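Note sheet for the following structure.
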Protein chains: 2
Amino acid sequence: MSAQIEDPLTEHELSTEPVFDGKLLKVKRDQVRLPDGKQSMREYVRHPGAVAIVAVMADGRLVFERQFRYPLRRSFLEVPAGKIDPGEPILACAQRELREETGFQAAEWLHLGQIHPCIGYSDERIEVFFATGLTEVGNALDEGEFLEVLSLSPAEARAGVLEGRITDAKTIAALYLAEPHLR
Amino acid sequence: MSAQIEDPLTEHELSTEPVFDGKLLKVKRDQVRLPDGKQSMREYVRHPGAVAIVAVMADGRLVFERQFRYPLRRSFLEVPAGKIDPGEPILACAQRELREETGFQAAEWLHLGQIHPCIGYSDERIEVFFATGLTEVGNALDEGEFLEVLSLSPAEARAGVLEGRITDAKTIAALYLAEPHLR
């Protein structure tokens, strides 16, 4: 018999209930038992997960989007990204989002890893992909989706992060994971 | 007279209402006018903002925490971070959080920039600081807060990101911003 050693920081669920069921956001509230035996409450967003793609064009430039993000009332420079549909394999999702949002298809795909954008109050995970061998096939934005497609050289993207023009954390984390693969 | 040119991607608020007012999370729902004149709806979390600190010890190692994050039901390796209190200056917040969570005080502080962890559904911003000249003064965790303090060399932190042991996006973005200052 093997003894399973539990992480001493573990918080145990005592009960769970949906407390907000919006059109876009779902919030749950759980009662938990803390490591010291006391009880506390956790509220968090339930998210279906997402993908983000660092896509490299033939000339070495990276595909970026400029998109208005209403919660912060301004537009952001971001790598292509989007939510995973129910049951959708993550690679299929990445291929669909890249094509829909930017009009590019990629010949080679590499899964760089998983990141967690908001561990304090959301269960969202983002699967990060690296795409090369791009060909343009035309985009098809969802109804009500508006964005501009542009490109940055890896050096421009690095400078954009360090000089505060790129502040979206998923984009910065995706660039970090892609760095060993960039020229 | 100067003409102000508006970002063509701008979405305009038509109305706003609080739709969930939890103990930890607040959610708003706004009706917006899209760039094409149509209407849509946006739901998003209102957040007070936060700080994150890349703190370098005398031997060059970085201060990390291991903390259980209930939404994802596991612990994460993170840089010290925490929410901004109402009216609190961001540097004072960073100094308070570093001391409370890790027991370290820092002699030199540098503001590295601002990141946005969750632009799709939260207005949270995180102010990233770089702290050096550390001395140990003892920590004072909040009631119900449990975490382990540890240290990683910059090389261990980089490998931790690339090999998937560090997946918290604010931590990865903070390391990216700190990179030019690390040995």
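I need the full set of residues from region B:68-115 which are in a strand (DSSP E or B), without any contact (Cβ under 8 Å) to a residue 40 or more places away in the chain and more than 19 Å from B:Ile166 (Cα to Cα), in order please.
Answer for region B:68-115, where residues must be in a strand (DSSP E or B), without any contact (Cβ under 8 Å) to a residue 40 or more places away in the chain and more than 19 Å from B:Ile166 (Cα to Cα): B:Lys83, B:Gln105, B:Ala107, B:Glu108, B:Trp109, B:His111, B:Gln114.
Condition first: in a loop (DSSP other than H, G, I, E, B) and either at negative phi or within 13 Å of chain A (Cβ to nearest Cβ) (or both). Now tell me which residues in region B:53-67 satisfy that.
B:Met57, B:Ala58, B:Asp59, B:Arg61 - these are the residues of region B:53-67 that are in a loop (DSSP other than H, G, I, E, B) and either at negative phi or within 13 Å of chain A (Cβ to nearest Cβ) (or both).
Do you know which residues across region B:27-51 are at the interface with chain A (Cβ under 10 Å from one of its Cβ atoms) and buried (at least 17 other Cβ atoms within 10 Å of the Cβ)?
B:Val27, B:Lys28, B:Arg29, B:Asp30, B:Val32, B:Leu34, B:Arg42, B:Glu43, B:Tyr44, B:Val45, B:His47, B:Ala50
Please tell me if B:Pro117 is at pLDDT 95 or above, in contact with a Pro (Cβ under 7 Å, 6 or more places away or on another chain) and assigned by TED's automatic domain parsing to the domain that holds B:Ala173.
For B:Pro117, the condition - at pLDDT 95 or above, in contact with a Pro (Cβ under 7 Å, 6 or more places away or on another chain) and assigned by TED's automatic domain parsing to the domain that holds B:Ala173 - is met.
Within region B:34-56, can you find the residues that are hydrophobic (A, V, I, L, M, F, W, C), in contact with a Ser or Thr (Cβ under 9 Å, 6 or more places away or on another chain) and without any contact (Cβ under 8 Å) to a residue 40 or more places away in the chain?
B:Leu34, the sole residue that qualifies.
Within region B:153-168, identify whether any single residue is under 15 Å from the mean Cα position of the chain (by Cα), among the charged types (D, E, K, R) and within 30 Å of A:Val45 (Cβ to Cβ), and answer yes or no.
Yes; the residues of region B:153-168 include at least one that is under 15 Å from the mean Cα position of the chain (by Cα), among the charged types (D, E, K, R) and within 30 Å of A:Val45 (Cβ to Cβ).
Kindly indicate whether any position in region B:144-154 is at the interface with chain A (Cβ under 7 Å from one of its Cβ atoms), more than 17 Å from B:Leu62 (Cβ to Cβ) and free of Cβ contacts under 8 Å to residues at least 60 places away in the same chain.
Looking through region B:144-154, at least one residue is at the interface with chain A (Cβ under 7 Å from one of its Cβ atoms), more than 17 Å from B:Leu62 (Cβ to Cβ) and free of Cβ contacts under 8 Å to residues at least 60 places away in the same chain.
The values are calculated or read from the model by the stated rules, or taken from the named source; none is laboratory data. Because the structure is a prediction, the values reported are computed rather than measured. Cβ atoms come from the backbone with ideal geometry, glycine included; neighbour counts cover every protein chain shown.
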